[in-house]
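Colleague: My structure is below; once you've seen it, I'll send some questions.
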Amino acid sequence: MAEPIKKLAIVGASVRAAAFSALRAGYDVVAADLFADADLRAHCDVTRIESGYPESIADWLSRTECDGWLFTGAMENHHELITSLAKLRPLVGCSGGAIRATRNPLLLQPVIHAAGLSFPETVETPDKLPLDRSWLCKTYRSANGSGVWLLDGAESRQRALDEEAYFQRFIGGASAAAVFVCSRNGSQLLGVTHQLVGDAAARAKPWHYSGSVGPLPVSDAVAAQLARLGELLSERFKLLGLVGVDLVIHGEKAWIIEINPRYSSSAEIVERMTGVNVVEAHVNACRGELAEQPPAPRSGKPAAKHDDEPLIHGKTILYAKREATASDEFHAWAMSQSSLDSTACQLADIPAAGEGIVPGQPILTAFAAAPAAKYDGEMKRLLAQVESRLYPEE
């Protein structure tokens, strides 16, 4: 990675957010994901991986000229593939070996505890576990909450056995995410957000990730735990670049739920919160460079002259309540609300005109920025606009 990176390849299940960040940083971007959404196609060369994902990314990357490549979710679940891809083109990020050490919760649990941090009790089998919703079933290759369900009866127990899930004690509290950038010289906490999980306004299924809102204030005690976690990520696990950590914050304790060593879903909101280009920070950290000072939330103010409260930034992934087709009119309107400029963009991950949308499928991502007291209203207004245009007959 001694040579400057000009052309950057980005791969994963959905790469639009990372690709837009890279484009804003001035990189020439080529991309491959499962969707190749219309707004991404409008700004860079993107290939839709229609079969054989993620293994078929190898064929694409071998044909793609670039100075380096990075991955987004849920590629971290395929550390052997990442190791193979790193032999094709220079990897800008964590190696497959480093990723493997953080992705097995049974191996992660004792390391977290030894560092004096909190990790939910995790076991490999359901033997003697109560079926009273106090435990969760989780698969090893899930993403965005799609492989999580409650252990609440014989049926859920059998599903867990069939899918070779592991079992983790349920921790109540506020779902959160911390975004770090790590280098060989240490780590920095870029920001903390509240995670929306199974959000009713987004029509999301239980446990499904449905957005991020921030900045999320934390107590001094939690901040100290996050500082220790950052040290663990860089010194013990030797992670490089962006690292997202899913948390549950309960009182004065931050419970570490999952470590994602890559550009995470909440990174997009951290960039809006702080003004720090997170992909540029990722590339620089992988080259051994960290900013001298950690970022602070933007001091941005809302447009209304009489209102001087700081802005809350957030996004919501809106899921389809029923079958629909993105009409030409809907597509044109949604694209008019999209922009590479994050301060102007209200909608992203936009389906192509004529594309079918099935119930439960993500429609698009909506963004809002407003004072705390007004944020929910602004987001609900925008989501209602999207649905009224997607389902005009209602």
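The values are calculated or read from the model by the stated rules, or taken from the named source; none is laboratory data. In this text the structure is predicted, and so the values were computed from the model without any measurement. As a convention, Cβ positions derive from the backbone with ideal geometry for all residues, glycine included, and neighbour counts pool all protein chains shown. Side chains included, ligands, DNA and RNA excluded: accessible areas come from the protein's heavy atoms. Shrake-Rupley method; radii C 1.70, N 1.55, O 1.52, S 1.80 Å.
Colleague: Have a look at TYR27, ASN77, TRP135 and report the one farthest towards the positive end of the charge dipole of segment 24-149, computed about the Cα centre with Cβ charges (Lys/Arg +1, Asp/Glu -1).
Modeller: Of the options given, the answer is TRP135.
Colleague: Related question: Taking the Cα centre as origin and putting +1 on Lys and Arg beta-carbons and -1 on Asp and Glu beta-carbons, what dipole magnitude results for the chain, to the nearest 20 debye?
Modeller: About 540 debye.
Colleague: I'd like the FRET efficiency for GLU55 and GLU309, computed as 1/(1 + (r/R0)^6) with the beta carbon distance as r and R0 of 56 Å, rounded to 0.05.
Modeller: Efficiency, rounded to the nearest 0.05: 0.70.
Colleague: Explain nothing, just the number: relative contact order of segment 128-216, from Cα pairs under 8 Å at least 6 residues apart, as a whole percent.
Modeller: 22 percent
Colleague: Please work out which option in (1) 23.9, 111; (2) 21.2, 77; (3) 20.4, 61 gives Rg and Dmax of the Cα atoms in Å calculated from these coordinates, and answer with its label.
Modeller: Correct label, based on the coordinates given: (3).
Colleague: What does the accessible area of ASP28 come to, in Å² to the nearest 10, when a probe of 1.4 Å is used?
Modeller: Around 80 Å² of this residue is reachable by solvent.
Colleague: With a 1.4 Å probe and every protein chain left in place, work out the accessible area per residue of the chain in Å², rounded to a whole number.
Modeller: 44 Å²
Colleague: Tell me the carbon and sulfur percent of the accessible area for segment 1-87, rounded to whole percent, probe radius 1.4 Å.
Modeller: In segment 1-87, the share of accessible area belonging to carbon and sulfur is 45 percent.
Colleague: Please give the charge dipole size of segment 7-128, origin at the Cα centre, charges +1 on K and R Cβ atoms and -1 on D and E Cβ atoms. Round to the nearest 20 debye.
Modeller: Dipole about the Cα centre, nearest 20: 220 debye.
Colleague: Would you mind working out the magnitude of the charge dipole of segment 91-199 relative to its Cα centre, with +1 at each Lys and Arg C-beta and -1 at each Asp and Glu C-beta, to the nearest 20 Debye?
Modeller: 400 debye
Colleague: Also, I was wondering about something else. Over segment 32-89, what is the relative contact order in percent, taking alpha-carbon pairs closer than 8 angstrom and at least six residues apart?
Modeller: 30 percent
Colleague: Determine the alpha carbon to alpha carbon distance for each of LYS7/LYS315; LYS7/LYS87; LYS6/LYS238 and list only those over 19 Å.
Modeller: LYS7/LYS315; LYS6/LYS238
Colleague: A further question on this structure: Considering only protein heavy atoms, with the full assembly of protein chains and a 1.4 angstrom probe, order THR47, THR64 by accessible area, largest first.
Modeller: Final ranking, largest accessible area leading: THR47, THR64.
Colleague: Which lysines, on any chain, are close to LYS321 with Cα under 30 Å apart, when same-chain ones fewer than 8 places away are left out?
Modeller: Filter leaves LYS138, LYS205, LYS374, LYS380.
Colleague: Beta carbons within 10 angstrom, averaged per residue: use that to sort the peptides 73-80, 243-250, 121-128, highest first.
Modeller: Packing proxy ranking, top to bottom: 243-250, 73-80, 121-128.
Colleague: Charges on Cβ only, +1 for Lys and Arg, -1 for Asp and Glu, centred on the Cα centroid of the chain; of LEU190, SER327, LEU8, which one is farthest towards the dipole's positive end?
Modeller: Highest projection toward the positive end goes to LEU190.
Colleague: Over the chain, what relative contact order in percent results from Cα pairs under 8 Å that are six or more residues apart?
Modeller: The normalised contact order for the chain reaches 14 percent.
Colleague: Moving to a separate point now. Per DSSP helix of 4 or more residues, -39500 (n - 2.57); summed, then divided by the residues of the chain. What does that give at 222 nm, rounded to the nearest 500?
Modeller: Only helices count here, giving -8000 deg cm²/dmol.
Colleague: Quick check: pseudo-label points 7 Å beyond the Cα along Cα→Cβ at ARG24 and ARG133, how many nm apart are they?
Modeller: Rounded to a tenth, the inter-label distance reads 4.0 nm.
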